[in-house]
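The values are calculated or read from the model by the stated rules, or taken from the named source; none is laboratory data. Quick caveat, the model's predicted, so the values are computed rather than measured. No Cβ is skipped: glycine too gets one built from the backbone with ideal geometry, and neighbour counts run over all protein chains shown.
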Amino acid sequence: MTTKKRVAILISGRGSNMAALIEAAKAPDYPAQIVGVFSNKPDAPGLDFARKNNIPTASVSHRDYASREAFDAEIEKALTNWAADFVCLAGFMRIFSTEFAQRWTGRILNIHPSLLPKYKGLHPQQQALNAHESESGCTVHWVTAELDAGPTILQRRVPILSGDTAETLAARILVEEHRAYPEALAKLARGEVAYAG
């Protein structure tokens with residue numbers, strides 16, 4: 001039996017994608033195990049879900065640090081403590097320092113609710129609606145120093161329906177996110193995809 005890859009998850013809120021990864025990793029044949037959940041918000045609801053699933057957690061507020069680099073050093077301590085092979089961002093609402101992003105390039109993933117490279121950053125569902133797109137979706141991608149710009153690992157498409165709001169579109173995309181992220185992580189853990197940036 002191949003050793004399962006050790007994965008840490010970073011969250012800022014409810015962590016629904018974190019929950020999807022935790023649930024997927026419960027399958028005996030899933031090639032990764034979730035070894036820790038870190039949040040920059042000590043009251044993030046997702047931390048409770050992780051604890052209920054017996055996953056170690058750590059949380060420190062970014063507001064307690066004078067610089068992005070100092071805060072990222074705290075994240076690094078947690079990742080080192082958990083001996084993480086890979087990191088998955090699941091609604092982690094912080095931009096990393098260039099040094100941290102470069103150090104983890106090829107080992108850190110994110111999921112974004114648009115078909116990147118379209119509609120980076122905040123409110124991508126509304127951006128898609130404003131542009132009168134016929135479809136949107138989600139993208140699992142490598143994290144690099146540039147926001148939402150890393151190479152794509154996989155995408156899932158969702159049609160935009162007449163009468164959609166940002167909220168209804170986001171809800172339908174989220175269903176696909178919860179399928180796409182565990183699939184992408186499994187591919188990475190099995191060595192089926194690798195960073196080639």
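Going through (1) free of Cβ contacts under 8 Å to residues at least 12 places away in the same chain; (2) closer than 20 Å to Leu188 by Cα; (3) not hydroxyl-bearing (Ser, Thr, Tyr) one by one, Val7 falls short only on (1). In a residue-by-residue description of the stretch 158-175, the property of being under 22 Å from Ala32 (Cα atoms) and either assigned to a strand (DSSP E or B) or touching a Gly at 6+ places or on another chain (Cβ under 8 Å) (or both) applies to no position. Picking from Tyr181, Tyr195, which residue would you name as being assigned to a helix (DSSP H, G or I), touching a strand residue (DSSP E or B) at 6+ places or on another chain (Cβ under 8 Å), under 30 Å from Ala70 (Cα atoms) and not aliphatic (A, V, I, L, M)? From the options Tyr181, Tyr195, the qualifying one is Tyr181. Within the stretch 17-37, is there a residue that is part of a strand (DSSP E or B), surrounded by fewer than 19 Cβ atoms within 10 Å (Cβ to Cβ) and modelled with pLDDT of 95 or more? Yes, because at least one residue in the stretch 17-37 is part of a strand (DSSP E or B), surrounded by fewer than 19 Cβ atoms within 10 Å (Cβ to Cβ) and modelled with pLDDT of 95 or more. Has the stretch 73-82 got any residue that is without any contact (Cβ under 8 Å) to a residue 40 or more places away in the chain, within 18 Å of Ser12 (Cα to Cα) and among the small types (Gly, Ala, Ser)? Yes: the stretch 73-82 contains one or more residues that are without any contact (Cβ under 8 Å) to a residue 40 or more places away in the chain, within 18 Å of Ser12 (Cα to Cα) and among the small types (Gly, Ala, Ser).
Looking only at the stretch 51-69, how many residues end up being under 23 Å from Ile95 (Cβ atoms), surrounded by 13 or more Cβ atoms within 10 Å (Cβ to Cβ) and aliphatic (A, V, I, L, M)? Show your work before the answer.
Going through the stretch 51-69, the residues under 23 Å from Ile95 (Cβ atoms) turn out to be 57-69.
After this cut, where a residue has to be surrounded by 13 or more Cβ atoms within 10 Å (Cβ to Cβ) as well, the list is 57-62, 65, 68-69.
Pick out the ones that are also aliphatic (A, V, I, L, M) and you get 58, 60.
Total satisfying the criteria: 2.
Filtered by the rule that a residue be over 13 Å from the mean Cα position of the chain (by Cα) and among the charged types (D, E, K, R), the stretch 137-178 gives Glu146, Arg156, Arg157, Asp164, Glu167, Arg172, Glu176. Looking across the stretch 95-118, just one residue is under 13 Å from the mean Cα position of the chain (by Cα) and surrounded by fewer than 15 Cβ atoms within 10 Å (Cβ to Cβ), and that is Ile95. Of all the criteria given as (1) within 18 Å of the chain's Cα centre (by Cα); (2) without any contact (Cβ under 8 Å) to a residue 40 or more places away in the chain; (3) on the phi > 0 side of the Ramachandran plot, the one not satisfied by Gly15 is (2).
Only one entry in Leu147, Leu188 is out of contact with any Ser or Thr (no Cβ under 7 Å at 6 or more places or on another chain) and within 28 Å of Asp43 (Cβ to Cβ), namely Leu147. Of all residues in the stretch 134-149, which are assigned to a loop (DSSP other than H, G, I, E, B) and touching a helix residue (DSSP H, G or I) at 6+ places or on another chain (Cβ under 8 Å)? Val143, Thr144, Ala145 - these are the residues of the stretch 134-149 that are assigned to a loop (DSSP other than H, G, I, E, B) and touching a helix residue (DSSP H, G or I) at 6+ places or on another chain (Cβ under 8 Å).
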